[in-house]
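One structure is given below, encoded as structure tokens.
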Amino acid sequence: MSLFSRIRDDIDSVLERDPAARSRLEVFLCYPGLWAVWIHRISHALWGAKLRLPARLLSQVGRFYTGVDIHPGATLGRRLFIDHATGVVIGETAIVGDDVTMYQGVTLGGTGKGHGKRHPTVCDNVFIGNNANVLGNITIGENSRVGAGSVVLSDVPPDSTVVGVPAHIVYRNGQRVLITDPHDIKDPLSDSLIALAARVEELEKQLGGKAQPAEPFAAEEAERTAYRAKLERMRQYVSMGEGI
Ligand SMILES: CC(C)(COP(=O)(O)OP(=O)(O)OC[C@H]1O[C@@H](n2cnc3c(N)ncnc32)[C@H](O)[C@@H]1OP(=O)(O)O)[C@@H](O)C(=O)NCCC(=O)NCCS
């Protein structure tokens, strides 16, 4: 594929994905996320030719003009669309498939612990919302979506949607996934919930299951019912005057 047709391909994919884009000329002139990808293609070629310093320098020039910091060693697929550009960081050993969309502030980074392949692999047709952090040598399966502001620390299966900190699955193959077990969310708060639930269960056992759980918010509900009844009486009284 010639350079010209690749650029055209990139521009057309933006026109398809961004309803705000109106013409090829506008996309060419006003989308720094695309310039960042084009500059990366050159710096990546320099990196591959072992011209490491010129490659790093060029990527820094790209960062200055676009706000996108892509390490020249990163491997990017076709038609990557970085919308709004600013603040995106893509690490050295990251691999990004075809037709991936990401918004401003996304980081495909390392955890700071590993060497070698230490950045994520993002498969084809993945969507990553703004300010999401995808960290470590993990894989985001194809057609998956990462919610804005999420922190993804483990593999995401294909055709899934993940959200939250740390990210958990909310949709898989089009079906809603509901979390019923706090073990499924691996954060310090869920550990406290698990410990609390175990303690409540233990206390219930000690009570011999005889204690009748009080109706939650019973007093508030009674108050609300009385108030609604009062409103209803007033409504009837007012309606008596209607039509006179
Ligand atoms: C992740 C996303 C794609 C999911 O969209 P969706 O399929 O319509 O999902 P829903 O709105 O049905 O949300 C499913 C659940 O996830 C929660 N959720 C959705 N996005 C979330 C997010 N970013 N962070 C935390 N929770 C989120 C919803 O509250 C809902 O939970 P609930 O049912 O318990 O209330 C979307 O919410 C998102 O984050 N898009 C990114 C948009 C973006 O980056 N825009 C930048 C424009 S400049």
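The aspartates and glutamates whose alpha-carbon is closer than 15 Å to the alpha-carbon of Lys113, local same-chain residues fewer than 8 away aside, are Glu92.
Given contacts defined as C-alpha pairs under 8 Å and at least six residues apart, what's the relative contact order of the chain, whole-number percent?
8
Applying Stokes-Einstein at 4 °C and 1.567 mPa s to the Kirkwood radius of the chain, computed over alpha-carbon pairs, gives a translational diffusion coefficient of 60 µm² s⁻¹. Based on DSSP H segments of at least four residues, each scored -39500 (n - 2.57), the chain has a per-residue ellipticity at 222 nm of -13000 deg cm²/dmol.
Is the shape of region 64-194 best called rounded, prolate or oblate, per the rule: a/c under 1.5 gives rounded, else a/b larger than b/c gives prolate, else oblate, with a ≥ b ≥ c the square roots of the Cα gyration tensor eigenvalues?
prolate
Maximal additional length on extending the Asn143-Phe217 stretch stands at 22.2 nm, based on 0.36 nm per residue less the C-alpha distance.
The residues of the chain present an accessible area of 62 Å² per residue when probed at 1.4 Å with all protein chains retained. Here the accessible area of region 4-146 is 58 percent carbon and sulfur, with a 1.4 angstrom probe and all protein chains present. In this structure Ile95 has an accessible area near 70 Å², from a 1.4 Å probe over the protein heavy atoms. Less than 5 angstrom separates the built amide H of Ile128 from those of Thr101, Met102, Tyr103, Val146, all sequence-distant by 5 or more or on a different chain.
Spin-label model, Asp9/Leu207: points 7 Å from Cα along the beta carbon direction are separated by 6.6 nm. If R0 is 30 Å, the Cβ-Cβ spacing of Asp155 and Leu178 corresponds to a FRET efficiency of close to 0.90.
Between Val200 and Arg41, the simple label model (points 7 Å from Cα in the Cβ direction) yields a spacing of 5.7 nm.
In the neighborhood of Leu231, defined by Cβ-to-Cβ distances under 14 Å, what is the net charge if each Lys or Arg adds +1 and each Asp or Glu adds -1? After counting each charged neighbour, the total is +3. From the largest down, region 49-89 spans 30, 23, 12 angstrom on the principal axes of its Cα atoms. For Tyr171, the residues 5 or more places off, or on other chains, whose built amide H falls under 5 Å of its own are Thr161, Val177.
Across region 1-140, the fraction of Cα-Cα pairs farther apart than 28 Å, rounded to a whole number, is 11%.
The values are calculated or read from the model by the stated rules, or taken from the named source; none is laboratory data. A quick note: this is a predicted structure, and the numbers were derived from the prediction, not measured. Heads up, the Cβs are rebuilt from the backbone with ideal geometry, glycines too, and the neighbour counts pull from every protein chain shown. Surface areas here come from the heavy atoms of the whole protein model, side chains and all, with no ligands, DNA or RNA. Shrake-Rupley method; radii C 1.70, N 1.55, O 1.52, S 1.80 Å.
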